[in-house]
Every structure is written in C-alpha cells, then in structure tokens.
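For reference, the structure is listed below as structure tokens.
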Amino acid sequence: MLRLIDINKYYNPGTVNEMCLFDGFNLDIREEEFVSVVGSNGSGKTSMLNIICGSIPVDNGKIEINGTDITNMPEYKRQMRIGRVYQNPALGTCPNMTILENMSLADNKGKSFNLQLGTNKKRINGYRETLSRLGLGLEEKMDVTVGTLSGGQRQALAMIMATMTPIEFLILDEHTAALDPKTAELIMELTRDIVKEKKLTTIMVTHNLRYAVEYGNRLLMMHQGELVLDKCGEEKHALEVDDILDKFNKISIECGN
C-alpha cells in the first residue's frame, strides 16, 4: 500500500508568489489498484506524482510504502521500487544509444557497477522476444539508435524499460498525451497488458477522460490540491465520460470561469 499522510507543499515560500498546493493532503493506494487521475491544469496531479517519486520534497507530512517511511528517501533509491513513464517520449529513453543498449541499461537498473560488459549477449534473444509482442518491428532494429524512432515506438520502448526489473509501482504521467490517436490506443493496450501481467499497482494521470473511465479500477479527480471525486469498483465502472465532464463544468462554474 502507498500512503500519503497529511502532506503539505508550498511553492515559492516566503515570496509574494507563495502558493500552498497541498494542505493536509491524504491518499491511500491499495495493492494492485490501477488508479486513473484527472483534473484541470494546476490541480496538483503531476506534483502528486513528483512527491511520490521523490522528484520534489514535501514541507510536512509522510509518505509510506507498505508501512515503510520513504519521506526522506532520495529519488534514485525510490526508483528501485517505482517505474515511471513520462509525457515526453524522449525522457524515458537515451536517444544516442541503440535499442539494445537502452534495454541493457534498464535491465541493469539497481545492479552494482563493475568492470564488465554493459550488454549481456545471453539476454539479447529475450529482449527481441519482448519487443516482438509490440508488433512494431523493433525486434529487427536492435542496433538502431532510439533517437531515430517515432514517438510511439519510443514510448512503447519506455514502457518496456520501466517495467523490465521488478517494481512495486508504475507511475504514468500523461504518457499518451504527445501521441497521435492510433498510437495512443496501442500504448494504452500495452499499458493494460503489462499492468495485468505483472500485477502492478499503477497511478495514471491523464487528460483523456475516456481512458480514465475505461481503464483501471479506481478514478480520482483533483482540484486545487484536493480530491473532489473518488470512485472505485462498481461505482467507477458505472461512470461515463459525461459524468466526469459534468463534474468539471460544476467546478468551473464555482470558480467563476
């Protein structure tokens, strides 16, 4: 279980631009939940992911994974337990390295550095088999530099790389937003298959309301650093896109927009 307990987060503290995003924010994510998170720009979605991953510190509060306090754990250590895929396909891969080198790098995450070859030739056939499942022909491009691939190919590779080593949580930060509709559908199907196969606890931030409704077993809506909607199980499955749009419109009216 992942727990955010009484989280406080200020931006630009002590200045005229000081802003309190989270004030006593609490959230529990249960094991193997697939949580979709929606909300307007500035609602706190990505800041919440950054807090979980350790990219930004909290001012007060506590973060726990399965009862272990990780509040002060550095980001690189959290990455042993958390895989993350970003909105920009370029952020999850090394563009000047080949597909083989990228997969070898991901395969060695968390292992000790020593004087040995970075690529284990015994693993190459396994890499090809993994890539062949994507249906993108990447298994035939192992020596191609990743920077020459399309955005969809790079994002598919980033998904594979983020989940190659054993992790407990998968963090998806608008990972289909930069893709065309057809490729986005492919990445979402890949996401569903990986989450199901590896039984990953997953948090997916998305602006695509259809994806938020169709995928996962829990849906959260955030607004100004607070949870304004939390539906899981049958309640979540009963939701339709129009229900989410209605909630957005009500919030917009209340804010005077």
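Annotation note: Cβ proximity below 7 Å between a residue of segment 57-79 that is closer than 16 Å to Ile29 by Cβ and in contact (Cβ under 8 Å) with a residue 60 or more places away in the chain and a residue that is among the charged types (D, E, K, R) and open to solvent by 60 Å² or more (accessible area, probe 1.4 Å) (sequence gap 6+ or interchain) occurs for Glu64/Arg3; Ile65/Glu168. When we screen Ile167, Ile253 for residues that are more than 18 Å from the chain's Cα centre (by Cα) and farther than 18 Å from Gln87 by Cα, the only hit is Ile253. Within the option set Val58, Val35, being more than 29 Å from Val213 (Cβ to Cβ), touching a Lys or Arg at 6+ places or on another chain (Cβ under 6 Å) and at pLDDT 95 or above holds for one residue only, Val58. Remark: pairs (first residue in segment 25-38, over 22 Å from Met188 (Cα atoms) and free of Cβ contacts under 8 Å to residues at least 60 places away in the same chain; second residue aliphatic (A, V, I, L, M) and outside any strand (DSSP E or B); Cβ separation under 8 Å; 6+ apart in sequence or on different chains) = Asp28/Met1.
Let's see how each residue does on (1) under 19 Å from Ala156 (Cα atoms); (2) of a type in the set (A, V, I, L, M):
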residue	(1), (2)
Glu185	yes, no
Glu189	yes, no
Ile194	yes, yes
Glu197	yes, no
Thr202	yes, no
Arg210	no, no
Tyr215	yes, no
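More than 17 Å from the chain's Cα centre (by Cα) and more than 19 Å from Val37 (Cβ to Cβ): does that describe Gly152? No, not satisfied.
If the condition is being buried (at least 16 other Cβ atoms within 10 Å of the Cβ), hydrophobic (A, V, I, L, M, F, W, C) and in a helix (DSSP H, G or I), then segment 122-138 contributes Leu131, Leu138.
The values are calculated or read from the model by the stated rules, or taken from the named source; none is laboratory data. These figures come from a predicted structure and were not determined experimentally. Cβ: placed from backbone, ideal geometry, glycine included. Neighbour counts: every protein chain shown. These area figures cover heavy atoms from the full protein model, side chains too; ligands, DNA and RNA do not enter into them. Shrake-Rupley method; radii C 1.70, N 1.55, O 1.52, S 1.80 Å.
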